[in-house]
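Below: the structure, in structure tokens.
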Amino acid sequence: MMQGVKREMTISKIVVGVLTYNRPELLEETLHSFNEYLKAYRDLFKFVIFDNGSKDEIIKINKKIAQKYRSKFVTSRKVIESTKNSKIRDHNISIGHRNLSRLMKKEDGDAYIILEDDWACAAYIPLIELIEYLRKNPDIGQIRLRNSRYDGTLTGGAKHNFVTQEPIKWTKEVVIGNYILAYGNLHWVNNPSIISKEALDLISKGYNSEVECMKAFHEIYPINLQLQPGVFEHIGPWRHRKDLVEQGIIQGEDNNESFDFS
């Protein structure tokens, strides 16, 4: 075997999964943002959109949007009515992510990006380098891409791990170009992140709630990465997570963590 020869990884497909529900204008903006800021990777992207029970008239609009961005589009078998019950809503979203992840698994990708329809990319990121790093470090489940103001405490986002209730601690940093990958005891998030095929397999098993999925994810991947600066911005209304408040996972609405920072 020849010594000193560096073998470069090849990236041929990046599968982007988007969960959507009754928000075509946000879905359009999210998909457009990939073409706007990540057009260098356009030929590598395969978009998979799962409509999680939108109304029939919305589905027709979403289908046209999917066609515009050359996306695979699959719908739920039934319309899911909107509800103010946070536990039911969380359950419906969890089922949606299970279905989306199973659709994504059918695509043989080198990496997977998972998000909901209200997270838009706001800047270029070196996706190839990030994916290569994730592939070389299989003990890492995901690289979180959301725009959190990482300053050692993740100000602007959750300040503790939702599974262990421990404060988030940062253990080391890796510099990739103009970005930092910060190692921390972070819980799993689905908005948005680069995940491995193995992590996708775990998510696709199906859980009754987001917290159940977090717990299962944490058992295998107790350490995850946060990209700094994060480049995906939330463009929809924040959800007040009464279900997580009731479970004691986050505090009440006088605290920032009452929002959907999971």
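Overview of values
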{"item": "Point-to-point label distance, Glu173-Glu25, nm (Cα→Cβ direction, 7 Å offset)", "result": "3.9"}
{"item": "In Hz, Karplus ³J(HN,Hα) per residue of region 88-101 (6.51, -1.76, 1.60; θ = phi - 60°; x = Gly, Pro)", "result": "5, 5, 4, 5, 4, 5, 4, 5, x, 5, 4, 5, 4, 5"}
{"item": "Accessible area in square angstrom per residue, region 73-119, 1.4 angstrom probe", "result": "51"}
{"item": "Extension reserve of the Thr83-Lys13 stretch, reckoned as 0.36 nm per residue once the Cα distance is removed", "result": "21.5 nm"}
{"item": "Karplus-derived HN-Hα couplings along region 119-129 (A = 6.51, B = -1.76, C = 1.60, θ = phi - 60°), whole Hz, x at Gly and Pro", "result": "10, 10, 6, 10, 6, 6, 9, x, 4, 4, 5"}
{"item": "Sites Asp201 and Asn137 - FRET efficiency at Förster radius 22 Å, r taken between beta-carbons, to 0.05", "result": "0.80"}
{"item": "Solvent-accessible area, 1.4 Å probe, carbon plus sulfur percent, for region 64-203", "result": "48"}
{"item": "Amide H contacts under 5 Å for Ile235, placed H, 5+ residues apart", "result": "Trp119, Ala120"}
{"item": "Potential lengthening between Lys72 and Asn208 on full extension [0.36 nm per residue; Cα-Cα distance subtracted]", "result": "46.4 nm"}
{"item": "Amide proton proximity set for Lys46, modelled H, under 5 Å, gap of 5+", "result": "Ile14, Val15, Val16"}
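The values are calculated or read from the model by the stated rules, or taken from the named source; none is laboratory data. Nothing here was measured: the structure is a model prediction, and the numbers come from that model. All Cβ positions, even for glycine, are placed from backbone atoms using ideal geometry, and neighbour counts span all protein chains on display. Keep in mind that these areas ignore ligands, DNA and RNA; they rest on the heavy atoms of the full protein, side chains included. Shrake-Rupley method; radii C 1.70, N 1.55, O 1.52, S 1.80 Å.
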